[in-house]
Amino acid sequence: MESQDVVTYKQKVIRVITEEEIGKIFQDENLLLVLKFLRKGPMTIGDIEKAFKKIRMIKSEKTIYRYLYKLVQAGLVVKAGKRVTSSEDDSLSTQTLYSRTAKVFFENYSKEEKAISEVKRNKNLHNVGRLLIGQLFDNKGSQECFHDLAQKINDLRRALTIELFENASEEALELITDLDWKGINYLFEYVGWIAVSQKIDLNKELELSLIHI
């Protein structure tokens with residue numbers, strides 16, 4: 001018997017998760033394992049079943065299909081093509097191949113909304129940050145100005161980091177796909193801050209925003 005994979009889906013480099021409901025997918029160990037298996041490339045349900053067995057977990061095809069259905073609905077996995085198998089009597093059979101929609105997933109769901117909600121619950125949150133940062137310039141500034149600056153820097157950091165990931169070398173991408181969920185988020189955070197420091201003068205931005213009120 002001979003098999004050939006026909007993949008018609010072009011995988012993205014990175015997808016930023018902005019919906020909290022989709023972000024909850026990453027709290028399910030079984031779904032995370034399926035996403036981990038798919039890092040190496042498109043797989044059939046049978047391939048995923050074997051991958052579970054390698055880590056001494058027995059999952060039925062029905063159970064795996066249910067996992068894949070949830071991931072497809074969340075936009076994290078897609079039907080990427082077919083595996084065509086020819087038998088000795090020249091008959092053909094096909095199996096669906098599943099792929100991650102992106103090589104890298106980064107959780108950034110509702111961060112601004114969560115920050116706003118947190119401020120509503122605790123009005124002193126940004127005020128404390130403003131006072132602490134203001135110590136660097138012997139100036140307190142305004143709470144509104146501090147919030148605007150924080151949002152500006154965060155938006156820039158996110159945009160620059162996505163650009164870096166999208167233009168990453170094959171070597172970097174291969175190493176990135178071996179990282180776990182927490183590792184990727186940590187990488188996204190600190191690489192982003194370094195990128196921001198190369199793009200703008202943070203001290204100047206802080207000074208202008210906090211002093212010239």
Those residues of the range 189-213 which are at pLDDT 85 or above, touching a helix residue (DSSP H, G or I) at 6+ places or on another chain (Cβ under 8 Å) and in a helix (DSSP H, G or I), in sequence order:
Val191, Gly192, Trp193, Ala195, Val196, Lys199
Taking Asp148 and the conditions (1) over 27 Å from Lys36 (Cα atoms); (2) modelled with pLDDT of 80 or more; (3) open to solvent by 50 Å² or more (accessible area, probe 1.4 Å), which numbered condition does it fall short on, given that it satisfies the others?
(2)
Just for helices (runs of 4 or more DSSP H) wholly inside the range 1-85: which have at least 2 residues that are within 24 Å of Glu171 (Cα to Cα)?
29-37
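The values are calculated or read from the model by the stated rules, or taken from the named source; none is laboratory data. As the structure is a computational prediction, the values presented were derived from the model and not from experiment. No Cβ is skipped: glycine too gets one built from the backbone with ideal geometry, and neighbour counts run over all protein chains shown. Note: accessible area is taken over every heavy atom of the protein model, side chains too, but ligands, DNA and RNA are not part of it. Shrake-Rupley method; radii C 1.70, N 1.55, O 1.52, S 1.80 Å.
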